[in-house]
Amino acid sequence: MKTIASCVQEIILSSPFLEEGLSRDIINFSALAKDLNQPISNMLRKPVKDGAIMMALRRYQVPMNFKNSKALKSVFNNLGDITVRSNLSDFTFQNSKSLIHSHSQILEKIGANHQIFYAFTRGIFESNIIISTSETEHVNQAFKNENQIGFHDQLSAISIALPKGNSKIAGLYYQIFKRLAWENITLYEVVSTTNEFTIVVEDHAVDKAFSVIKRLHN
């Protein structure tokens, strides 16, 4: 049976920014109660009072703040180098039986050049290649027989070296994504390996994104 408290919990858990605001004590309970009155009334199928919602908000126990986790703090304090690569392009192709062969042609072409940025991600139905824009002609040639379904240039990548054991830390990526979202930074792509995390953004957002990533140490 739904109650006002359970409705409040459901709404808060589905709204990360709202939960963040409550954990930082920066939300006015009275104003929030008025704002939640209509959705909670709809959920319960009966009118409810703002006072009852406000009481449920005050009693709500915000889950452990991941920011205060000792393990999480340790990871952020031990972040490795932050590398920025610009002049990147993103290609999206529909998966096919010949796609891997086309991919191997690019690897053979750029294999000896460590200055070229290259990331390949294969999904269920499509695959992405993020590569230095200087190699656009080579990509077009190697994939000329493939079905290209997307392209975007003027991109930059920010790569972060993560300490070993990071994959066992709850809330790590959440904290990174949350801080980027708070700054209204849109992520074009995300690429990760075991100990390296890369975000791809449009060129105009790279300076702001880099500043956010640097502040993760704090």
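Taken together, the values in this text are just the output of simple stated rules run on the coordinates, not laboratory data. Predicted, not measured: the structure shown is a model, and the values here were computed from it. Ideal geometry is used to build each Cβ from the backbone, glycine not excepted, and the neighbour counts take in all protein chains shown.
Conditions (1) farther than 28 Å from LEU13 by Cβ; (2) under 12 Å from the mean Cα position of the chain (by Cα); (3) buried (at least 18 other Cβ atoms within 10 Å of the Cβ); (4) among the polar types (S, T, N, Q), marked per residue:
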{"position": "ILE169", "(1), (2), (3), (4)": "no, no, yes, no"}
{"position": "LEU180", "(1), (2), (3), (4)": "no, yes, yes, no"}
{"position": "VAL190", "(1), (2), (3), (4)": "no, yes, no, no"}
{"position": "THR193", "(1), (2), (3), (4)": "yes, no, no, yes"}
{"position": "ILE199", "(1), (2), (3), (4)": "no, yes, yes, no"}
{"position": "ALA205", "(1), (2), (3), (4)": "yes, no, yes, no"}
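When the range 14-39 is filtered for residues that are in contact with a Pro (Cβ under 9 Å, 6 or more places away or on another chain) and not hydroxyl-bearing (Ser, Thr, Tyr), the ones remaining, listed by number, are GLU19, ASN37. Only one residue in PHE76, PHE125, PHE143 is over 30 Å from ILE12 (Cα atoms), crowded, with 18+ Cβ neighbours inside 10 Å and not basic (Lys, Arg). Which one? After ruling out the rest, the residue left standing is PHE143.
Among the criteria (1) touching a residue at least 40 places away in the same chain (Cβ under 8 Å); (2) small (Gly, Ala, Ser); (3) within 30 Å of SER15 (Cβ to Cβ), the one SER134 does not fulfil is (3).
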